Amino acid sequence: MRETLVPEEKSSAANCIWRWLATGFFFALFGIGGLLLSIIWFNLLRIIIRQPERLHRMTLNSIRNSFRFFLSGLRRVGVMDYRFIGDEKFQQDAGCLIVANHPSLLDYVILASRMPRCDCIVKQALLQNPFLSGVIKAAGYLINTGSDALLQACETRLQAGGTLLVFPEGTRSLPGKPMILQRGAANIALRAGCDVRIVHISCQPPMLTKKGKWYEIPRVKPQFVITVADKVKAEDFLDESDLSPALAARRLTQHLCTELMRSNTQNNEK
């Protein structure tokens, strides 16, 4: 069942203060929750479950359910609201690359809460974060080292039926700035020969942006709309006349950028 958003009016000062306090509380809860999962729950799973594949599946399910609990809490206390359009399509995405725009710090949490399986590429620096490093290692997320070994690992994960989530902008976007995509996602898709699912995330007003701080609370409760669009085939962007594989990656990257920008325009017009 899809959630329905209720149009928001400008919040009172008391409501803004409440959302500020609640946001701080949930930020702390997210970090503490990640630490508890790493120290207690994941170690307990390792003791109980001996089969590696089942252990990995249970670990990812635990993360997904934790994210759902977290987002439900944010909604219940009025920090933000969200709505999915077409999220049932995720059920068809084994062995698929998911690409999405990246307006907010919550994007990964929102998508991973609905995807049946979510493999992810994370920054190497996050391994130094005591609240997240245990979750990253337990989930078997791929580390962005920028090497050919990463491309090979992505190909192996996709061919094994994984669903790989990538934000091709490389970092959170800046509101009002042109969308610029890196070619890493296209290179992964072309090398693995997989389908690419396009997802657009809209957040109005902006929340937890690249330059925004957690305590900078919008006067209106933010509304996320996550639109799961159709898939494209990476192989459709190959051409026998190409002198270099980079040409196909350039075409696919441009197509993804066009589709994500079109979704952005459509969402803003609604």
Just to be sure I understand the model, the point goes 7 Å from the Cα along the line to the Cβ. What's the resulting Asp242 to Met179 distance in nm?
2.1
For segment 109-249, what is the Kirkwood hydrodynamic radius in Å, using each pair of distinct C-alpha atoms?
17.1
Using alpha carbon centroids, what distance separates segment 112-143 and segment 10-40, in Å?
20
Can you quote the Å³ per residue value for the convex hull of the Cα atoms in the chain, rounded to an integer?
134
If you wrap segment 1-124's Cα atoms in a convex hull and average its projection over all directions, what's the area in nm²?
9.8
How much accessible surface does Thr171 have with a 1.4 Å probe, in Å² rounded to 10?
50
Got a sec? What order do Tyr82, Tyr108, Tyr215 fall in by accessible area at 1.4 Å, biggest, i.e. largest, first?
Tyr215, Tyr108, Tyr82
Give me the 1.4 Å probe accessible area per residue for the chain, excluding ligands and nucleic acids, in Å².
53
Quick one: pull the percent of accessible area on the chain belonging to carbon and sulfur, 1.4 Å probe, ligands and nucleic acids left out.
57
Using 26 Å as the Cα-Cα cut-off, could you pick out the over-long pairs in Lys177/Lys233; Lys123/Lys210; Lys123/Lys213; Lys89/Lys177; Lys211/Lys233?
Lys177/Lys233; Lys89/Lys177; Lys211/Lys233
Can you show me the helix-derived [θ] at 222 nm for the chain, built from DSSP H runs with n ≥ 4 at -39,500 (n - 2.57) apiece and divided by the number of residues, rounded to the nearest 500.
-14000 deg cm²/dmol
Counting only DSSP beta bridges with both residues in segment 139-245, tell me the antiparallel percent, nearest 5.
100
For Leu105 paired with Leu126, estimate the spin-label separation in nm (one decimal), with each label point 7 Å from Cα along the Cα-to-Cβ line.
1.4
Can you compute the equivalent ellipsoid semi-axes for segment 172-245, i.e. the square root of 5 times each eigenvalue of the Cα gyration tensor, sorted largest first and rounded to whole Å?
35, 14, 9
Using DSSP to call loops (not H, G, I, E or B), can you name the trypsin sites (Lys or Arg not before Pro) in segment 148-223 whose Cβ has at most 10 other Cβ atoms within 10 angstrom?
Lys211, Lys213
Longest to shortest principal axis, alpha-carbon extents of segment 38-109, angstrom
38, 33, 19
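The values are calculated or read from the model by the stated rules, or taken from the named source; none is laboratory data. Note that the coordinates shown come from a computational prediction; the quantities given were computed from them, not determined experimentally. Here Cβ is always computed from backbone atoms with ideal geometry, including for glycine, and neighbour counts include all displayed protein chains. Ligands, DNA and RNA are excluded from the accessible area calculation, which covers all protein heavy atoms including side chains. Shrake-Rupley method; radii C 1.70, N 1.55, O 1.52, S 1.80 Å.
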